[in-house]
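The values are calculated or read from the model by the stated rules, or taken from the named source; none is laboratory data. Bear in mind the structure is a predicted one, so any value in this text is a computation, not a measurement. Counting neighbours? That spans all protein chains shown, and the Cβs are built from the backbone with ideal geometry, glycine included.
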Amino acid sequence: MGKVKDKSVAISLAAATCTLLGTAGVSPVQAQEESKWDFNTALLYYGEADGRVQDGSFKSLAQRRFVDDRILSIGFSVDALTGATPNGAIPYDGSQTFTTPSGNSTYTTQPDVIPLDGSFRDSRVALTANWAQPLGRLSTINVGLSGSGEYDYTHFGANLGLTRDFNKRNTTLSLGLAVARDDINPVGGTPVPFSPMGDAVEREDDEDDDNRVRQPNRMSDQRKDVYDLVFGVTQVITRNLLFQFNYSYSDSKGYLNDPYKILSLVDATTGDPIPRTPEPGFDGADHEYRYENRPDERVKHSFYGQTKIFMSGKVLDLSYRYMTDDWNIDSHTVDMRYRFPFNNGSYFEPHIRLYTQTAAEFYRISLVDGTQPFTFASSDYRLGEFDAFTVGMKYGWKTRFGKEMSIRVEYYKQDGDAPADQIIGNQADRELYPDLDAIIAQFSYKFGF
Amino acid sequence: MSRAKITTAITLLIAAALSGCSSMGVEPWERDVLAKEEMQLITDPVEAGIDDHIYFSKEASSGGRGFGGGGCGCN
Amino acid sequence: MNQRFEIRARRVVSIIAVLFVGLLGSASSIATEPAFDVTEYRGKVVVVDFWASWCVPCRRSFPWWNEMHRKYGDDGLVIVGVNMDAHADKAQDFLNEFPAEFRIVYDPKGDLGKQYGVEAMPTTFVIDRNGEIVANHLGFKVKKQDEYEQVLKETLDAGKD
């Protein structure tokens with residue numbers, strides 16, 4: 001069976017970092033509830049429609065308090081993934097055959113559907129550790145490490161955070177730094193950018209290679225380094241109103257490609273993929289496909305503002321983020337949560353999130369035969385232009401023994417368009433952009449002693 | 001965005017925060033509401049991490065959140 | 001005799017003032033009178049500790065203040081805990097869990113807090129036998145308990161003839 005992976009499987013530094021920067025610091029506590037140990041655990045199901053990615057995971061955060069607000073946090077999570085994902089090829093009115101990334105076999109997709117790679121199964125384990133403590137009366141420091149591993153990707157990172165209070169603690173300045181080093185070992189080897197997808201080859205027994213087949217046009221394993229910086233100002237406005245503003249800078253260097261994503265080479269008039277004949281005696285790709293290529297650096301800037309407003313027991317959480325990067329992607333995110341508490345300690349919290357992004361400047365739906373070759377090109381839908389919204393509901397309650405539980409169900413939809421100026425010939429009749437429909441379901445249990 | 005522009009922006013932001021914000025806020029004993037769990041900037045770090053990871057995997061943007069500030073302001 | 005009567009009268013007035021403020025709670029819009037008058041304790045060392053039910057370090061400090069009260073009460077140490085909660089019922093929940101062996105007064109409007117210039121929660125002022133503020137500490141750190149106790153001992157010993 002082929003081993004094809006969605007980039008979603010790979011936890012990159014940015015995700016781990018942002019998690020760390022976001023979770024750094026003291027878990028908030030009421031005066032009556034200070035406990036030595038606090039556990040925050042969650043079971044998550046994420047499932048996309050149409051046989052696409054499904055993820056089941058368990059996550060936990062354990063915090064141990066020491067004297068005078070010193071806190072050790074240990075995070076653990078395990079994910080099991082399965083399902084299919086768009087491989088980047090463009091649909092057309094015939095069937096298409098692709099070689100799996102491992103190079104062991106092929107898979108064929110139906111006419112007039114956006115090609116999805118075959119099923120895959122993978123698991124991922126991630127660990128984080130963080131130490132937070134006061135530094136003098138008005139400052140805090142936290143330091144942490146993170147690591148994760150899966151079949152074709154490992155991540156290792158470190159982070160540091162500092163805060164300083166001013167104006168009788170009404171104003172807080174914060175600074176966070178994170179670095180990480182990720183190692184990418186694609187199944188079947190790293191394809192040379194823009195090299196053609198070839199034939200399935202005989203599997204060789206090779207102990208060193210861990211059953212990986214060396215296909216032609218493969219490079220060695222790859223590496224990515226990421227540097228993140230967050231600078232923030234938090235300001236108490238009134239007794240019931242809090243505001244935070246953050247500026248984030250992120251610089252990724254190294255191998256930024258998705259090694260499993262391809263682009264179709266299409267005819268300049270019809271827009272249909274150009275046929276290819278595998279070598280005699282071999283199965284393989286039956287059209288011309290090229291592996292993608294992205295720049296080896298990406299610099300992102302984010303501007304984020306959040307406010308929390310208390311209104312007679314109800315809490316409104318409203319945030320906005322603007323992101324811009326040197327791949328020419330701009331995005332806007334608006335997120336709103338409104339918590340309604342009930343008398344018995346339970347609450348109800350609806351949630352809406354709106355998102356929109358522009359396409360990367362090298363986003364291409366296909367490569368056109370006979371035209372000037374591009375330096376960079378990718379048809380990964382995550383770099384395209386789309387709108388998305390999330391709508392969800394959370395219900396939380398306290399158990400008889402004072403533990404907290406909650407359930408959350410959300411619906412996530414992505415709706416994108418291929419750039420009109422890239423559509424050629426028969427492509428105009430087809431659904432070119434893989435819209436996404438997904439359900440998020442989470443059960444959470446918090447307890448302490 | 002050039003490095004110089006970013007540095008200037010951050011410096012101005014710090015100056016504004018320290019001077020302009022010095023008149024805003026509450027007395028130390030008026031932080032009962034801000035001390036509530038539901039008034040923290042990140043109410044549930046595990047949930048925030050889950051969402052960050054989902055959206056990072058499916059979109060081109062990530063993160064943005066910060067840490068620190070708000071709360072009871074004790075000690 | 002006269003002096004003792006005066007002290008008693010002041011005490012009665014203070015208690016009435018506290019009851020008055022306590023009964024009216026946050027609905028009160030009357031011009032404020034301080035919830036207690038520190039001069040009634042002239043000759044003793046007074047610790048004025050500002051606390052609130054939602055303040056985690058306050059929860060850590062109460063058992064220790066009780067210990068200080070037991071240890072030095074006979075030497076002339078008086079501890080007054082000034083509660084800053086806007087609603088007295090929250091303070092009562094806290095006191096049910098952490099009973100205080102020392103006096104509690106209520107300052108829901110924050111007048112005493114402003115008068116003393118409280119800049120952190122909790123804040124403790126140490127007033128010597130002559131009525132002068134000789135020390136204050138912002139916050140309560142378990143690791144500094146010995147340091148705090150040292151200040152109390154020194155203040156108690158000073159001015160003793």
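Quick notes on this one:
- All told, A:Ser346 falls short of being within 11 Å of chain B (Cβ to nearest Cβ) and either among the hydroxyl-bearing types (Ser, Thr, Tyr) or at negative phi (or both).
- The sole residue among A:Asp38, A:Asp93, A:Asp50, A:Asp68 that is of a type in the set (Asp, Glu) and crowded, with 20+ Cβ neighbours inside 10 Å is A:Asp38.
- Residues of region C:130-161 satisfying the condition of being within 13 Å of another protein chain (Cβ to nearest Cβ) and in a loop (DSSP other than H, G, I, E, B): C:Gly139, C:Phe140, C:Lys141
- Residues of region A:307-324 that are crowded, with 20+ Cβ neighbours inside 10 Å and either more than 25 Å from A:Gly396 (Cα to Cα) or more than 9 Å from every other protein chain (Cβ to nearest Cβ) (or both): A:Arg321, A:Met323.
- Within region A:279-306, considering residues that are within 12 Å of chain B (Cβ to nearest Cβ) and surrounded by fewer than 17 Cβ atoms within 10 Å (Cβ to Cβ), the one farthest from A:Leu265 (Cα to Cα): A:Gly305
- Residue-level analysis places A:Asp93 outside the set of residues that are within 14 Å of chain C (Cβ to nearest Cβ) and in a loop (DSSP other than H, G, I, E, B).
- Residue count for region C:40-71 under the criterion of being within 22 Å of B:Pro28 (Cβ to Cβ) and either within 13 Å of chain B (Cβ to nearest Cβ) or among the aliphatic types (A, V, I, L, M) (or both): the result is 16.
- Qualifying residue in region A:252-271 (condition: in a strand (DSSP E or B), surrounded by 15 or more Cβ atoms within 10 Å (Cβ to Cβ) and in contact with a Gly (Cβ under 7 Å, 6 or more places away or on another chain)): yes
- Qualifying residue in region A:207-227 (condition: crowded, with 16+ Cβ neighbours inside 10 Å, at pLDDT 95 or above and among the aliphatic types (A, V, I, L, M)): yes
- Count - residues of region A:65-90 that are on the phi < 0 side of the Ramachandran plot and either in contact with a Ser or Thr (Cβ under 8 Å, 6 or more places away or on another chain) or in a loop (DSSP other than H, G, I, E, B) (or both): 18
- Count of region C:107-149 residues, restricted to those that are among the β-branched types (Val, Ile, Thr) and more than 25 Å from C:Ala91 (Cβ to Cβ), is 1.
- Within region C:91-121, the set of residues being closer than 18 Å to A:Arg239 by Cα and either touching a residue at least 12 places away in the same chain (Cβ under 8 Å) or more than 12 Å from every other protein chain (Cβ to nearest Cβ) (or both) comprises C:Asp107, C:Pro108, C:Lys109, C:Gly110, C:Asp111, C:Gly113, C:Val118, C:Glu119, C:Ala120, C:Met121.
- From the list A:Asp183, A:Asp152, A:Asp165, A:Asp199, the one residue that fits, being surrounded by 17 or more Cβ atoms within 10 Å (Cβ to Cβ), within 28 Å of the chain's Cα centre (by Cα) and acidic (Asp, Glu), is A:Asp152.
- Filter pass, C:Thr124 being over 22 Å from B:Asn75 (Cβ atoms) and either more than 13 Å from chain B (Cβ to nearest Cβ) or polar (S, T, N, Q) (or both): no
- Test: residue in region B:3-26 that is facing chain A (nearest Cβ under 7 Å), part of a helix (DSSP H, G or I) and modelled with pLDDT of 95 or more: no
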